[in-house]
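*Asks:* Quick one: the structure is below, questions incoming.
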């Protein structure tokens, strides 16, 4: 459920280790956000991880700056 629609990043499983070296399972969840981005006249809707969201916002800003020059 908690998966990026662009890159597919999702939940990973790992282990906690205590000082006594006991192992317990834990999960590493992806930092995903449900977002709508406006690109020109269109819109992109989806659930994106923070890394993809940052990259897309940068590309949108670059296209706006490139188009205005």
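FYI, it's all coordinate maths here, none of it is from the lab. This is a predicted model, so every value here is computed, not measured. When we count neighbours, we look across all protein chains shown, and the Cβ atoms used for this are built from the backbone with ideal geometry, even at glycine.
*Asks:* Quick one: if you take sqrt(5λ) for each eigenvalue of the C-alpha gyration tensor of the chain, what semi-axes come out, biggest first, whole angstrom? Could you put the intermediate results ahead of the total?
*Replies:* Working: eigenvalues 277, 33, 8 Å².
That gives 37, 13, 6 Å for the three semi-axes.
*Asks:* If I model a spin label at residue 13 and residue 44 as a point 7 Å from the Cα along the Cα→Cβ vector, what separation in nanometres do I get?
*Replies:* So the two model labels end up 3.2 nm from each other.
*Asks:* Still on this structure: On C-alpha positions alone, give me the angle between the axis of helix 50-68 and the longest principal axis of the chain, in degrees, nearest 10.
*Replies:* The answer is roughly 10 degrees.
*Asks:* Under the rule of -39500 (n - 2.57) per DSSP H run of 4 or more residues, summed and divided by the residues of the chain, what mean residue ellipticity at 222 nm is obtained, to the nearest 500 deg cm²/dmol?
*Replies:* On the way: 1 runs with 19 residues, N = 69.
Value at 222 nm, helices only, nearest 500: -9500 deg cm²/dmol.
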